[in-house]
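Student: Below you'll find the structure I mean.
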Amino acid sequence: MAMLTYIEAINEGLRDEMRLDPTVFLLGEDIGAYGGAFKATKGLLEEFGADRVIDTVLAEGAIIGAATGSALAGLKPVAEMQFSDFVSNGFNQLVNVTAKYHYRNFIPVPMVVRLPSGGGIRGGPFHSANTEAWFFHTPGLKLVAPSTPYDAKGLIRAAIREPNPVLYFEYKYLYRHIKSEVPDGDYEVPIGAADIKRTGSDITVITYGTGVHWSLEAAETLSREGVEVEVLDLRTLMPFDRKAVLSSVEKTGKVLIVHEANLTGGVGAELSAFIGAEAFRHLDAPVRRLASPDTPVPYAPPLEDAFLPNAQKTAEALRSLAAY
Amino acid sequence: MATRVTTNKKSPPAGGRTRGSAGPAAAARTPNGSLAKSDLLALYRYMVLMREFEDTIIRLYTQGKIVGGAYTGNGNEATAVGSAYALSDGDYLFPMHRDMGAHFVRGQSVDNLMLMHLARKGSLTEGRDGTGHYTDRDLRIFGNISHLGAMLPVACGIGLAVKLRKERNVVMTYIGDGGSNVGEVHESLAMASAMRLPLVLVIENNQYAYSTPVSRQFIVERLSSRAAGYGIPGKTVDGTDVLAVYHACREAVARARAMRGPSIVESVTMRMHGHAAHDNAWYVPPKELAAWKRKDPIARFEKVLTGKGVLTAAMKKQLVAELRSGIEKSAAAALDLPYPPAEDALRGVFFEPPAR
C-alpha cells in the first residue's frame, strides 16, 4: 500500500502494465522526456525507452489512427490527448474508424485513449471540456471515468487489458487534489462495475469523476440534516452498471444525477430515461439532474465558478429532492 | 531475390472460394527488379480481371441487384495493378474504392468481392459493409471506408508496428486528387515522414472529385510536389502506363523497406465513369473523355505486349472468355446465397472474449 495522488496512480498503473506486457506502448504529444503536459507519463521514457514512450507529431487524427492501426497489428497502444478538448481533432478516427472496426470486420481493437478532462483549473473554453457525451452516443467504444486513485489505477489496468477500444476520462482537477491508499500489487477495477462510495437509504446520487467528490461532501452535509444519501459512482459510463443503478433506486426511491458535463443530451439524460423506463414504480419523485449549464466553459473565475456544479449546489438539489 | 512464382499471382482467381493458398506473394521478378514475361502477362491479366469484374458489377447494378452504390476504377487499372504488384510477401495494402485490381493482386478472390458487393451472408463483413470496405488480416488488406483519407492514420499505425517490431514490411496506401486535401492525409504524411514509417502513398489523380475538376481543388502543377513539404520523394507518373506505375512504386517500396521513410507516387489518369453508377458524369466535356479514351490503360498495355510477342489475339480472346465465365459463375453463386439474417444486426459491436 502506498499513498498516491490520482495522477500518481495513473502513472503507476501505466508502469505496471508496461512491465507486465511488452506489447503495451504509449504515444502522444510531449509524453516522453517532458513527461506529459500534466506529468502523467513522468519517468516512463527513462524506464521503457523511446520505442515504448513515443512523442508524436501534433496531430490527434494521426495519433488516434496510429493507435488503431498498431492495435490491429497486435500491439496495445495507450494514446494521450493532451487535453480532452483536443479529441475533437481525432473525432473522425474514433467514431468512424475505431468504433466501427469490430462490428464491420470482427477484429478486436485493444487500445486506450486517455482524456484529461474537466474544469476547475481556470482553463477556459478549450482546456476544460468534458467530452464523454459525444462518445457515449457512439456504439463500439467503452468509456470509463475514475474518481479515486484506487479506481484510477485499477481502471487504467483494466482498460489496457480490455480487447475493445476504451476512452479513459481522467480529471485534471483531481490530479493533485486527492490522495489515497493504493495497493502495490496487481489488481484491476472491472469495466462495467459501479461502486457505492457511500451507503444511504433516502436518496441515490448517481455520478462519476469529480461529481463523486461534490456528492460525498454534500452527503455529509445532508446527513447532519437527517437525510441519508447513497453515492453511486458509475466508474464505467459505457456500458454502465444497470444492475447497480436499479438496485440503489429500488432502495431509495429518489434519484439525483450529477455530472460536470453540460446538461442537455448528457449521460444523465440516458440514465434518467433508463430509470424512468425500468424503475418507474419504485420512484417517489421525478429523477433530477445537476449538471453544468449549456454554455462553453467560461474563463474568468466568477464565471467558471457559476458554471460548475459543486458540493453546495449538490446539497441544495438534494434538499429539494428530500422535501419532495 | 530468387525467382518465385505462386499460383495465385500467376493465375488470378476468377472464381472459386479459395483466396490463393499462399496469400499475397512476391512477383516473379528478375534479380534487378525488371519484369519477366510471366509478370507482364500477370499484370495484363489482373487489369483485364479488374475491368471485367467491374463491368459485371455495373451490369448487376443496372439490374437492381447491387444493394447500394457501385464504384468502378475504369481508367485506373494500370494504377491499381501496377502499384500493388510492386509489393512483396507480408506487405500491407490499404486500397481505395477505385483499386479493385490491387485486391486481386494481393490474393483476394472474385467470390469474396462479389459477396461484399451483394451483401450476402458469408461475405467478409457478413453483410455489415459493402464494396471493398473490408479487412482481411490473412491477406493484409485493409479496405477503405467512405471517409476519404480516414485509413491513412491507420496505415501509419501498421507502419509504426512494423517499425517497432523491426520487421521489413511495407504499407501501401492510396488517395485520390479530391481526397488528397483531407486533413488526415496531411497529418499522416507529417507523422510518417517524422517517424520514417515504411509507407508508400499513391495519389490517384483522375481529374475529378465527384463533379469537381482538379482546377478547383489545387493550384500546384503536380500533387507529387506536395512531398517536398514533408521532405520526402514525390514522383508523378503516367497512370495509364502500368509499367511506369510499377517501376515508380517499386522504387518507393524499396525505399520504405530500407526504413528510409515514406514516398508519394502521383499517378495521373482519368476517371472514365461517373463518381458511381448513378452518376453519368455529364459535367465531363466529351472531348476530354475522348482524348483519355485513346489512352485506355488496358488497350495501351495490349499494344506493348503484342509488340513484344508476349500476347496474341487468340490468347486475349481465351483470357477474357475464361475470366468472364469465372465472374459469371461467381455472381450466380452469390446471388443464390441469402442475405444475413435480421437478428445478426445486433451482434458484434464489441469483441467478447471467451469467458475467463
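The values are calculated or read from the model by the stated rules, or taken from the named source; none is laboratory data. Note that the structure is a prediction, hence the values are computed from the model and not measured. A quick note on method: Cβ atoms are made from the backbone with ideal geometry, for glycine too, and the neighbour counts reach across all protein chains shown. Please note that ligands, DNA and RNA were not included when accessible areas were found on the heavy atoms of the full protein model with its side chains. Shrake-Rupley method; radii C 1.70, N 1.55, O 1.52, S 1.80 Å.
Student: Compute the distance in nm between two label points, each set 7 Å from the Cα along the Cα-to-Cβ direction, one at B:His278 and one at A:Ser180.
Tutor: According to this spin-label approximation, the distance is 5.4 nm.
Student: Rounded to the nearest 10 degrees, what's the angle between the helix A:242-252 long axis and the longest principal axis of chain A, both from Cα atoms, 0 to 90?
Tutor: Once rounded, one gets 20 degrees.
Student: So how far, in whole Å, is the C-alpha centre of region A:160-193 from the one of region A:80-104?
Tutor: Computed from Cα coordinates, the inter-centre distance equals 20 Å.
Student: While we're on this one: For the protein assembly as shown, what does -39500 (n - 2.57) per DSSP helix run (n ≥ 4), summed and divided by total residues, give at 222 nm, in deg cm²/dmol to the nearest 500?
Tutor: -11500 deg cm²/dmol
Student: I need the calculated FRET efficiency for the pair A:Asp51 and B:Arg137, taking r as the beta carbon distance and R₀ as 35 Å, to the nearest 0.05.
Tutor: 0.90
Student: Relative contact order of chain B, please, whole-number percent, based on alpha carbon pairs below 8 angstrom and at least 6 residues apart.
Tutor: The value is 21 percent.
Student: Could you work out the relative contact order of region A:2-182, using alpha carbon pairs under 8 angstrom and six or more residues apart, expressed as a whole percent?
Tutor: 28 percent
Student: Taking only C-alpha pairs under 8 Å that are 6+ residues apart, what is the relative contact order of region B:150-280 in percent?
Tutor: 29 percent
Student: Report the accessible surface area buried between chains A and B, summing both sides, using a 1.4 Å probe on protein heavy atoms only, in Å² rounded to the nearest 100.
Tutor: Using a 1.4 Å probe on protein heavy atoms, the buried area is about 3300 Å².
Student: Next question, about the same structure. So for chain A: antiparallel DSSP bridges make up what percent, rounded to the nearest 5?
Tutor: 20 percent
Student: Name the residue from B:Phe53, A:Ile54, B:Ala42 whose Cα lies farthest towards the positive end of the charge dipole of the protein assembly as shown, charges +1 on Cβ of Lys and Arg and -1 on Cβ of Asp and Glu.
Tutor: Value: B:Ala42.
Student: Restricting to region B:164-217, compute how many DSSP beta bridges are antiparallel as a %, nearest 5.
Tutor: So the antiparallel bridges in region B:164-217 amount to around 25 percent.
Student: Could you derive backbone 3J(HN,Hα) for region A:118-129 from the dihedral phi with the Karplus parameters 6.51, -1.76 and 1.60 (θ = phi - 60°), listing whole Hz in sequence and x where the residue is Gly or Pro?
Tutor: Coupling constants for region A:118-129: x, x, x, 10, 6, x, x, x, 10, 10, 9, 6 Hz.
Student: I'd like the accessible area for A:Arg319: 1.4 Å probe, protein heavy atoms, all chains in place, Å² to the nearest 10.
Tutor: My reading of the accessible area for A:Arg319 is about 90 Å².
Student: In addition: Given all pairs of different Cα atoms, what value in angstroms does the Kirkwood hydrodynamic radius of chain B take?
Tutor: Taking the inverse mean of 1/r over all distinct Cα pairs, chain B comes out at 20.6 Å.
Student: Same structure again: Taking the Cα centre of region A:195-322 as origin, work out the dipole magnitude from +1 charges on Lys and Arg Cβ and -1 charges on Asp and Glu Cβ, in debye rounded to 20.
Tutor: Approximately 280 debye in magnitude.
Student: Could I ask something else about it? Can you give the angle from 0 to 90° between the axis of helix A:149-161 and the longest principal axis of chain A, with both taken from C-alpha atoms, to the nearest 10?
Tutor: Once rounded, one gets 50 degrees.
Student: Expressed in nm to one decimal, what extension gain is obtained for the pair A:Ala2 and A:Ala273 from 0.36 nm per residue of sequence separation less their Cα-Cα distance?
Tutor: Once the chain is fully extended between A:Ala2 and A:Ala273, it gains 93.5 nm.
Student: A follow-up question, please. Taking a 26 Å limit on the Cα-Cα distance, which of the listed pairs A:Lys100/B:Lys235; A:Lys76/A:Lys153; A:Lys172/B:Lys163; B:Lys37/B:Lys166; A:Lys251/A:Lys313 fall beyond it?
Tutor: Those over the limit are A:Lys100/B:Lys235; A:Lys172/B:Lys163; B:Lys37/B:Lys166.
Student: Within region B:278-318, how many Lys pairs sit with Cα atoms under 22 Å apart, leaving out pairs fewer than 8 places apart on the same chain?
Tutor: 12
Student: Looking at chain B, which longest stretch skips every one of the GluC sites (Glu not before Pro) that is in a DSSP loop with at most 16 other Cβ atoms within 10 Å, leaving the sites themselves out?
Tutor: B:1-166
Student: Report Rg (one decimal) and Dmax (nearest whole number) for region A:195-322, counting Cα atoms only, units Å.
Tutor: 13.8, 44
Student: When DSSP assigns beta bridges and you keep just the ones with both residues in the protein assembly as shown, what percent turn out antiparallel, to the nearest 5?
Tutor: DSSP beta bridges in the protein assembly as shown are roughly 20 percent antiparallel.
Student: What is the helix-to-structure angle for A:311-322, meaning the angle in degrees between its Cα long axis and the longest Cα principal axis of chain A, kept from 0 to 90 and rounded to the nearest 10?
Tutor: Here the helix axis deviates by roughly 40 degrees.
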